[in-house]
Amino acid sequence: MRDYDELISFLGEWGPFQRLIFFLLSASIVPNGFNGMSAVFLAGTPEHRCRLPPSANLSREWLNASIPREVQGGREGPSRCRRYRLESLANFSALGLQPGRDVDLSQLEQEKCLDGWEYSRELYLSTIVTEWNLVCEDDWKTPLTTSLFFVGVLIGSFISGQLSDRFGRKNILFATMAVQTGFSFVQIFSTSWEMFTVLFLIVGMGQISNYVVAFILGTEILGKSVRIIFCTLGVCTFFAIGYMLLPLFAYFIRDWRMLLLALTVPGVLCVPLWWVIPESPRWLISQGRFKEAEIIIRKAAKTNGIVAPAMLFDSTEMQDMKLQQQQQQKAYILDLFRTRNIAVITVMSLLLWMLTSIGYFGLSLNTPNLHGNAYINCFLSAIIEVPAYVIAWLLLRTLPRRYSISGTLFLGGGVILFIQLVPTDLHILSVFLVMLGKFGITSAFSMLYVYTSELYPTIVRNMAVGATSMSSRVGSIIAPYFVYLGAYDRFLPYILMGSLTVLIGILTLFLPESYGNPLPETFDQMLRVKGFRNRQRTNHVRSSKEIEDSKTQITPL
């Protein structure tokens with residue numbers, strides 16, 4: 001029986017049909033770029049200080065001295081959350097006393113910002129932080145907003161594959177586009193932080209689901225030679241293009257509601273793609289819908305200027321395909337921990353994805369806190385991803401996986417750790433090191449899909465990639481709190497992210513090497529963790545036949 005790639009081989013690899021699908025699906029990813037990182041500007045925290053009421057009746061000297069000085073992130077400045085007690089200041093002002101000369105400010109009683117805050121409008125006209133005063137006692141709500149977006153991403157990544165398997169790739173692709181665009185639009189009319197955050201979580205569900213389903217649809221329609229380029233340079237590069245557009249929009253639109261409206265409009269432009277992007281013929285065949293698959297394949301042949309065979313599916317072949325689907329072996333999540341060797345690979349892979357994700361999203365979300373212009377820094381953080389994806393693609397083609405991933409992690413983590421040693425006046429060098437760290441971590445992140453899929457056998461390959469991908473979502477949920485630590489010590493996020501990245505780079509060297517090896521089809525064919533190689537098995541490992549007969553039982557190695 002022919003497989004799908006053999007069935008459509010007459011179409012060629014890179015005809016007009018394939019080019020159209022490649023670029024349209026990649027273009028549909030662009031809105032994901034600015035939705036995924038929009039919290040950088042929507043939830044930006046400008047400089048702020050306690051507001052003084054007009055009735056305070058203070059002299060100019062006491063107005064200027066009303067805010068105590070404190071050290072924040074290694075730099076001294078006016079307090080963001082405290083002021084001197086106004087009643088005392090009013091008495092001193094009425095008596096004609098001078099601050100610092102007649103009154104020792106360090107001995108004065110302080111109080112909270114009882115009359116609200118004054119926000120700098122240099123960077124932002126408004127954000128959700130200034131809208132709902134998410135500062136001081138409520139500053140924990142800002143990282144929580146971003147984390148809940150990534151909780152939505154986690155939920156979306158879990159359900160998107162199952163929904164597309166049940167209802168079709170195309171239907172779920174456009175449904176999730178509608179969720180992402182529609183709920184982003186509703187967010188504009190949020191009347192409270194709670195409403196904004198709940199809607200942001202739903203936007204996160206649509207954002208990742210759109211990305212995942214477009215990824216699946218492209219890999220199923222495109223041929224073997226184009227598939228790897230689509231999965232690396234296509235999808236990832238267009239995501240980076242969307243990410244690059246974010247600071248451009250934000251620079252010219254400083255109000256968060258208008259910015260969100262501008263970021264929502266490109267999603268509407270994807271609606272006409274419904275009449276151009278087809279359903280996956282591979283999925284239709286798996287559902288036994290051979291007639292619909294044949295219509296799409298013949299249209300593709302016509303687009304490519306090729307005459308399709310008179311008969312694409314014969315009755316015997318269709319019957320064999322249906323029988324094969326019925327007999328397909330099922331896999332369970334516990335199979336990822338079937339033996340000690342497999343369990344170690346799974347645990348190490350989960351840690352690799354999670355810690356790499358923390359580094360990637362931590363550096364991305366921290367760009368407004370870097371020296372220099374926040375918009376330029378965000379643009380640099382986006383544009384550095386393009387060469388990172390190109391390097392990752394080249395490394396996957398030529399070098400072993402373990403050394404490629406570990407080397408880029410060492411590069412990313414090492415330069416991040418070095419930032420704390422840079423003199424404070426060398427701002428450009430600090431930004432350069434952050435971007436170099438982002439380059440290394442992004443390269444490693446983009447190679448993980450290929451590496452993980454090569455480690456596991458066919459029966460659990462999709463499940464393993466899904467589980468590790470969900471682990472990376474957990475990392476993205478944690479990442480905003482790494483950024484939050486910068487309010488206490490500006491080097492602490494870099495120390496933590498750099499240390500964890502170097503640590504996981506070391507652990508990666510103990511994983512098996514998959515480069516140049518055939519993809520495993522059974523658990524017995526899985527490669528062994530370094531250090532397990534020469535150990536004898538203490539328990540009998542079941543054969544493939546035993547695994548098929550007893551699918552859920554776990555046997556220790």
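What follows is calculated from the coordinates using simple rules that are stated; it is not laboratory data. Since we're looking at a predicted model, the values are computed, not measured. Heads up, the Cβs are rebuilt from the backbone with ideal geometry, glycines too, and the neighbour counts pull from every protein chain shown.
Taking amide H atoms as placed 1.01 Å from N in the peptide plane, the amide H of Val103 lies under 5 Å from those of Gln98, each 5 or more residues away in sequence or on another chain.
Between Asp165 and Glu76, the FRET efficiency estimated from the beta carbon spacing at R0 = 51 angstrom works out to 0.35. Amide hydrogen proximity for Arg49: with H placed 1.01 Å from N in the peptide plane, the residues at 5 or more positions away or on another chain lying under 5 Å are Glu118.
The slack between Leu114 and Tyr403, meaning 0.36 nm per residue of separation minus the straight C-alpha distance, is 98.4 nm.
Tally Lys and Arg at +1 and Asp and Glu at -1 over the other residues with C-beta under 12 Å from the C-beta of Glu118: what net charge comes out?
Charge balance in the 12 Å sphere: +3.
Each residue of the stretch 223-228 was assigned a 3J(HN,Hα) from its phi angle through the Karplus curve 6.51 cos²θ - 1.76 cosθ + 1.60 (θ = phi - 60°); the sequence is x, 4, 5, 8, 4, 5 Hz, with glycine and proline shown as x. Here the extension length gained between Phe10 and Glu61 equals 10.0 nm, from 0.36 nm per residue of separation less the Cα-Cα distance.
With contacts taken as Cα pairs under 8 Å at a separation of at least 6 residues, the chain carries a relative contact order of 18 percent. Taking label positions 7 Å along the Cα-Cβ direction at both Val268 and Asn369, the computed distance is 3.7 nm, reported to one decimal. Pairs exceeding a 20 Å alpha-carbon distance, out of Lys141/Lys438; Lys224/Lys438; Lys170/Lys291: Lys141/Lys438; Lys224/Lys438. Once backbone amide H atoms are built at 1.01 Å from N, Glu70 has Gly77, Ser79 as its partners under 5 Å, excluding neighbours fewer than 5 places away on the same chain.
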